[in-house]
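Visitor: Quick one: the structure is below, and I'll ask about it shortly.
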Amino acid sequence: MTAVKTAARVLAALVVAGATVWSAGFLYYAGPEPGWLRAMLAVILPVATGLAFALLPRRRRTLIGFGVIFAGLLVWFLSLHASNERDWQPEVAVTPWASREGDVVTIHGVRNFAYRTETSFEPRWETRRYDLRELDSADVIAVYWAGKAIAHIMVSFGFGGEDYVTMSIETRKERSESYSALAGFFRQYELVYIVGDERDLIGVRTTHRRPQEDVYVYRLPGDRQRIHRVFLDYMRTMNEMRERPRFYNTLLTNCTTGIFMHARVNPDTVPFSWKVLMSGYVPAYLYERGRLDTRLPFAELERRSLVNSVADAAGADAAFSRRIREALPVPPAVGTTR
């Protein structure tokens with residue numbers, strides 16, 4: 001056997017193995033009900049594939065047959081459609097949207113829950129107006145709950161130093177669903193943009209979740225034109241998703257990749273990196289690219305950006321956003337010599 005044929009067979013084996021793993025996962029998470037049938041099909045497929053390639057004499061025909069089965073599953077996968085009309089968990093029940101008149105943007109469906117515990121709360125969805133002439137800041141919020149490799153990343157926009165609105169791109173789970181990173185590869189969750197008050201989106205994580213999550217607020221250098229472009233791109237995407245909902249994907253369409261895509265409306269955005277996929281490293285990556293305050297060593301900036309204690313103390317204070325920022329390092333304005 002020539003080296004070329006050997007390489008071709010190895011490549012074909014790897015492709016079949018990868019396609020088999022994907023197919024088994026798809027059948028397990030998105031196959032026909034009931035659950036036992038999905039699990040059985042997810043086991044039968046790889047076993048039958050292995051036996052077919054091991055025992056059948058004509059592997060080329062076996063490969064063609066496998067290709068037909070895989071193509072059918074892929075068509076099935078692509079036929080799944082996202083929806084905004086499901087029995088959602090209350091935290092993600094509202095699809096936000098925005099309208100604009102001149103410099104005033106009105107956002108419908110701003111979340112501002114009053115929490116007693118993480119699961120006991122008074123749902124409050126509000127309509128709020130924001131004047132683009134006052135939009136002057138943006139902050140990156142990183143939330144950690146299981147080590148430093150993975151974080152939930154949010155962006156908070158500030159209007160005149162007093163009014164803030166936070167954008168959180170999340171999985172939209174139904175009442176009967178819990179989150180699974182593996183299920184997120186197989187169109188099992190819709191994507192949702194949660195627009196919220198910081199007392200809600202930060203406070204629920206620093207005060208009410210058990211265990212509490214570590215929340216860091218990193219202030220970005222002020223560049224009003226850049227900030228305006230990104231904010232308006234969020235509004236555009238929210239309105240598109242109201243009409244054409246999208247699926248969440250654990251790796252490719254999530255909280256961090258969404259922020260990266262919005263940032264691309266600016267011509268000099270940071271290049272894509274594996275650190276965007278490993279979301280816990282996003283703050284360090286932004287620091288490396290000069291997008292955070294580099295006057296401090298990153299370890300010191302990170303230490304000073306943790307807001308848990310002050311956010312917990314602020315509670316439902318109307319001055320919550322100002323209080324959590326009082327001790328944060330303020331980056332120099334764009335163009336300032338460092």
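The values are calculated or read from the model by the stated rules, or taken from the named source; none is laboratory data. As the structure is a prediction and not an experimental result, all values here were calculated from the model. In this analysis, Cβ positions are derived from the backbone assuming ideal geometry, glycine residues included, and neighbour counts consider all displayed protein chains.
Visitor: Assess whether residue 200 counts as being at negative phi, in contact with a strand residue (DSSP E or B) (Cβ under 6 Å, 6 or more places away or on another chain) and in contact (Cβ under 8 Å) with a residue 12 or more places away in the chain. Even if it seems obvious, please write down each step before you answer.
Guide: On the way: at negative phi: yes; in contact with a strand residue (DSSP E or B) (Cβ under 6 Å, 6 or more places away or on another chain): yes; in contact (Cβ under 8 Å) with a residue 12 or more places away in the chain: yes.
Yes; evaluated as a whole, the condition is true for this residue.
Visitor: Hey, another quick one. Take residue 133 and decide whether it is of a type outside the set (Asp, Glu), assigned to a helix (DSSP H, G or I) and surrounded by fewer than 11 Cβ atoms within 10 Å (Cβ to Cβ).
Guide: So residue 133 does not fit the description; no.
Visitor: Same structure again: Where in the stretch 288-336 are there helices (runs of 4 or more DSSP H), lying wholly inside it, with at least 2 residues that are at pLDDT 95 or above, in the same structural domain as residue 116 (by TED's automatic domain parsing) and of a type in the set (Asp, Glu)?
Guide: 298-305
Visitor: Looking only at residues that are surrounded by fewer than 22 Cβ atoms within 10 Å (Cβ to Cβ) and without any contact (Cβ under 8 Å) to a residue 60 or more places away in the chain in the stretch 149-179, which one is farthest from the chain's Cα centre (by Cα)?
Guide: 160
Visitor: Here is a further query. With respect to residue 289, determine if the residue is basic (Lys, Arg) and in contact (Cβ under 8 Å) with a residue 24 or more places away in the chain.
Guide: On the way: basic (Lys, Arg): yes; in contact (Cβ under 8 Å) with a residue 24 or more places away in the chain: no.
No; evaluated as a whole, the condition is false for this residue.
Visitor: Additional query: Report yes if residue 272 is under 30 Å from residue 106 (Cα atoms) and of a type outside the set (Gly, Ala, Ser), otherwise no.
Guide: Criteria not met by residue 272.
Visitor: Of 129, 205, 199, which residue is more than 20 Å from residue 308 (Cα to Cα), at pLDDT 95 or above and among the basic types (Lys, Arg)?
Guide: 129
Visitor: Could you tell me whether the stretch 263-285 includes any residue that is at positive phi, assigned to a loop (DSSP other than H, G, I, E, B), in the same structural domain as residue 128 (by TED's automatic domain parsing) and modelled with pLDDT under 95?
Guide: no
Visitor: Whether any residue in the stretch 106-125 is of a type in the set (A, V, I, L, M, F, W, C), at pLDDT below 95 and surrounded by fewer than 19 Cβ atoms within 10 Å (Cβ to Cβ) is what I want to check.
Guide: no
Visitor: Can you tell me which residue within the stretch 157-181, out of those that are touching a Leu at 6+ places or on another chain (Cβ under 8 Å) and small (Gly, Ala, Ser), is farthest from residue 83 (Cα to Cα)?
Guide: 158
Visitor: Among 62, 2, 49, which is among the hydroxyl-bearing types (Ser, Thr, Tyr), surrounded by 13 or more Cβ atoms within 10 Å (Cβ to Cβ) and without any contact (Cβ under 8 Å) to a residue 12 or more places away in the chain?
Guide: The conditions single out 62.
Visitor: Identify, from the list 58, 38, the residue that is in contact with a Leu (Cβ under 7 Å, 6 or more places away or on another chain), basic (Lys, Arg) and not assigned by TED's automatic domain parsing to the domain that holds residue 170.
Guide: Among 58, 38, only 38 is in contact with a Leu (Cβ under 7 Å, 6 or more places away or on another chain), basic (Lys, Arg) and not assigned by TED's automatic domain parsing to the domain that holds residue 170.
Visitor: Here's something else I'd like to know. Can you work out which of the residues in the stretch 5-41 that are among the hydroxyl-bearing types (Ser, Thr, Tyr) and closer than 22 Å to residue 61 by Cβ is surrounded by the fewest Cβ atoms within 10 Å (Cβ to Cβ)?
Guide: As a first pass, look at the stretch 5-41 and keep what is among the hydroxyl-bearing types (Ser, Thr, Tyr): 6, 20, 23, 28-29.
Narrowing the set further to residues that are closer than 22 Å to residue 61 by Cβ leaves 6, 20, 23.
Details: 6: 10, 20: 20, 23: 23.
By that ranking, first place goes to 6.
Visitor: When you go through 146, 138, 98, 142 one by one, which is the residue that is part of a loop (DSSP other than H, G, I, E, B) and either at negative phi or surrounded by 14 or more Cβ atoms within 10 Å (Cβ to Cβ) (or both)?
Guide: Details: 138 fails: part of a loop (DSSP other than H, G, I, E, B); 98 fails: part of a loop (DSSP other than H, G, I, E, B); 142 fails: part of a loop (DSSP other than H, G, I, E, B).
Being part of a loop (DSSP other than H, G, I, E, B) and either at negative phi or surrounded by 14 or more Cβ atoms within 10 Å (Cβ to Cβ) (or both) holds for just one of 146, 138, 98, 142, which is 146.
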